[in-house]
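**Q** The structure that follows is given in the form of structure tokens.
The values are calculated or read from the model by the stated rules, or taken from the named source; none is laboratory data. On a predicted model such as this, the values are computed, not experimentally measured, just so you know. Methodologically, a virtual Cβ is constructed for each residue, glycine included, from the backbone with ideal geometry; neighbour enumeration extends over all protein chains shown. Note: accessible area is taken over every heavy atom of the protein model, side chains too, but ligands, DNA and RNA are not part of it. Shrake-Rupley method; radii C 1.70, N 1.55, O 1.52, S 1.80 Å.
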Amino acid sequence: MPSDAAEAGAKIQILKDALYDEARQHGSADRLFTQKDLLDLNVIPSNDVVLLLRVVQSLTDDKLFVGGTNHAGLAWRWRSREDAQKYTSLPNDETMMVYSIVDEAGADGVWNRHIKHRLGMHEAVVKSCIKYLETKGYIVAMKNVEHPNKKMYIRANLRPSDRATGGPWFTDGELDSPFITELETIVFEYIKNHSAYLGSLPARGGGGAAGADGALKAPRKGIIRGGAAANGDARGLKRAATEISNDEQPAAAIGAPAAASSEAAEAKNSSSAASRAARGKVFLPFPAGYKSYPTVTEIAQFIHKTGITNNTTLGEADIQQLVDVLVYDGLVEAVKVGGRKGYRVMRAAKQDTASFEKRQKEREAGIGLDKPHTGVALPTNGVTEAPCGRCPVFEICEEGGPVSPSKCVYFMQWLGLEDRLAGGAPAMVSI
């Protein structure tokens, strides 16, 4: 009877609303609910499976439930009422199917040719549907750094994933190399300043006691020179251990005048002080067991507090990528002390002690452009710089052959004699 049908329809509507609201409260839009999960929500009376399927089918028809599968079999996830309204407002099934594929692709987007092949539609029909959805503002075109030449589409209210955009390292689909280089430099400077300290190198000769000025002094040699031996042997005599001293006043056994010895000591101190002043301050590594090397978390907090990235948000995973690059480049190394993983600078004593701001100003003025942004230049010699080590025709290079050392073009470039090549002069190199 009509009244019974109306009553059943009203009952289904009530159960639909109740089941939909319970599903939203018990899981996100990505959670898949199995049949058992829906019955456990205690909405369907007497756990009636037939009634449950009728309610779920009605929700699916209204685009409020989306079917899927998981390890337990058939399952459903809920869709927001706003998104469901977009589906029901579409003019035909073809447009609805195209929008469904774009919706399923999520934040990664989908290629227009993939839509065509999956639906088996004519290309003109797919283009017409996409144009309609773009006009309505339901989907938008996007760039994917993995497939820069493909026409990709994504839902208009979604933010493209880092996989599609390349994360914070890409701008408008292009790798932002200056931004990456600048951040690498800042991260390296932070690690350098927090994994080493400024100090002075000890005086050459090492192992001596500290003098009045705090500098290390080398012990005197255990040989007496300048006095004749009793047996007429002109060679130096070994001094007794008790006579070896670090004092400025020489031992009495030497027999030199006190005034001359004092002048020599003063000259030596002056020379040592000048040498230390020339060397200046350097970065020195912390002793073994130091536990406060900077971690990725601390570096990320520093970057966030300074606000140097403007509107770009960087997480710990992004900072870890920068640190990994520095590790791969041999500029920093990981240090584990007591379960804490920090990082320290490599070759600390060779690092530039000038501040980052000063070096930036010098670079802007054209000074020091030949120096690397981070770290120090790697040591080189003639063997590593010579073109033979990376010569593409090394195997056929011999005197009298098609390529020979005496007529090597790469040697001319290495020696800076390209003008001879440009002038047509023979590339003769004496080996």
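**Q** Since residue 50 meets every condition but one in (1) surrounded by 14 or more Cβ atoms within 10 Å (Cβ to Cβ); (2) in a helix (DSSP H, G or I), which condition does it not meet?
**A** In the conditions (1) surrounded by 14 or more Cβ atoms within 10 Å (Cβ to Cβ); (2) in a helix (DSSP H, G or I), residue 50 misses (1) alone.
**Q** Name, by its number, the condition in (1) part of a loop (DSSP other than H, G, I, E, B); (2) within 41 Å of the chain's Cα centre (by Cα); (3) exposed (fewer than 12 other Cβ atoms within 10 Å of the Cβ) that does not hold for residue 42.
**A** (2)
**Q** Looking at this structure, is residue 185 open to solvent by 40 Å² or more (accessible area, probe 1.4 Å) and assigned to a helix (DSSP H, G or I)? Spell out the reasoning first.
**A** On the way: open to solvent by 40 Å² or more (accessible area, probe 1.4 Å): no; assigned to a helix (DSSP H, G or I): yes.
No, not satisfied.
**Q** Something else now. Residues that are modelled with pLDDT of 70 or more and acidic (Asp, Glu), at least 1 per element: which helices (runs of 4 or more DSSP H) completely within segment 337-431 meet that? Spell out the reasoning first.
**A** Values: elements: 356-364, 382-385, 409-414, 418-422.
Hits in segment 337-431: 382-385.
**Q** Return the residues of segment 95-153 that are under 28 Å from the mean Cα position of the chain (by Cα) and without any contact (Cβ under 8 Å) to a residue 24 or more places away in the chain; say none if nothing qualifies.
**A** 146, 149
**Q** Shifting gears a bit: Working only within segment 289-320, note down all residues that are under 15 Å from residue 185 (Cβ atoms) and out of contact with any helix residue (DSSP H, G or I) (no Cβ under 7 Å at 6 or more places or on another chain).
**A** The answer is 306, and nothing else.
**Q** Oh, and also: Search segment 119-135 for residues being in contact with a helix residue (DSSP H, G or I) (Cβ under 9 Å, 6 or more places away or on another chain) and over 13 Å from residue 153 (Cβ atoms), and hand back the single one that is most open to solvent (accessible area, probe 1.4 Å). Can you show your working first?
**A** So in segment 119-135, the residues in contact with a helix residue (DSSP H, G or I) (Cβ under 9 Å, 6 or more places away or on another chain) come out as 119, 121-123, 125-130, 132-133.
If we keep only those that are over 13 Å from residue 153 (Cβ atoms) too, we end up with 119, 121-123, 125, 128.
On the way: 119: 50, 121: 27, 122: 128, 123: 88, 125: 59, 128: 73 Å².
Checking each candidate, the answer is 122.
**Q** Let me ask something else about it. Return the residues of segment 154-180 that are touching a residue at least 40 places away in the same chain (Cβ under 8 Å) and assigned to a strand (DSSP E or B); say none if nothing qualifies.
**A** Passing the criteria: 154, 155.
**Q** Checking residue 90 against (1) assigned to a helix (DSSP H, G or I); (2) open to solvent by less than 20 Å² (accessible area, probe 1.4 Å), which test does it fail?
**A** Just one mismatch for residue 90, condition (1).
**Q** Separate question: Applying the selection to segment 62-87, what residues are assigned to a helix (DSSP H, G or I) and within 17 Å of residue 21 (Cα to Cα)? Explain how you work it out, then say what you get.
**A** Narrowing segment 62-87 to residues assigned to a helix (DSSP H, G or I): 81-87.
Hits for segment 62-87 are 81, 82, 83, 84, 85.
**Q** Also, quick follow-up: Does residue 134 satisfy the condition of being under 23 Å from residue 77 (Cα atoms), acidic (Asp, Glu) and not in a loop (DSSP other than H, G, I, E, B)?
**A** Numbers: under 23 Å from residue 77 (Cα atoms): no; acidic (Asp, Glu): yes; not in a loop (DSSP other than H, G, I, E, B): yes.
Taking the combined requirement at face value, the residue does not satisfy it.
**Q** Tell me the residue from 69, 95 that is open to solvent by 50 Å² or more (accessible area, probe 1.4 Å) and under 30 Å from residue 116 (Cα atoms), please. Working first, answer last.
**A** On the way: 95 fails: open to solvent by 50 Å² or more (accessible area, probe 1.4 Å).
Within the list 69, 95, the selection yields 69.
**Q** When you go through (1) farther than 16 Å from residue 90 by Cβ; (2) assigned to a loop (DSSP other than H, G, I, E, B) one by one for residue 121, which number turns out not to apply?
**A** (1)
**Q** Sticking with this structure for a sec: Which pairs have Cβ atoms under 8 Å, sit 6 or more apart or on different chains, and link a residue in segment 291-312 that is closer than 16 Å to residue 337 by Cα to one that is in a loop (DSSP other than H, G, I, E, B) and at pLDDT below 85?
**A** 291/338
**Q** Checking residue 81 against (1) under 19 Å from residue 28 (Cα atoms); (2) basic (Lys, Arg); (3) surrounded by 14 or more Cβ atoms within 10 Å (Cβ to Cβ), which test does it fail?
**A** Among (1) under 19 Å from residue 28 (Cα atoms); (2) basic (Lys, Arg); (3) surrounded by 14 or more Cβ atoms within 10 Å (Cβ to Cβ), residue 81 violates only (3).
**Q** Across segment 38-73, which residue is farthest from residue 104 (Cα to Cα) among those that are among the charged types (D, E, K, R) and touching a residue at least 12 places away in the same chain (Cβ under 8 Å)?
**A** Within segment 38-73, the subset among the charged types (D, E, K, R) is 40, 48, 54, 61-63.
The next check asks that each one be touching a residue at least 12 places away in the same chain (Cβ under 8 Å); those that pass are 54, 62-63.
Numbers: 54: 25, 62: 17, 63: 13 Å.
Checking each candidate, the answer is 54.
**Q** From the residues in segment 98-118 that are more than 17 Å from residue 149 (Cβ to Cβ) and either open to solvent by 60 Å² or more (accessible area, probe 1.4 Å) or part of a loop (DSSP other than H, G, I, E, B) (or both), which one is modelled with the lowest pLDDT?
**A** That would be 104.
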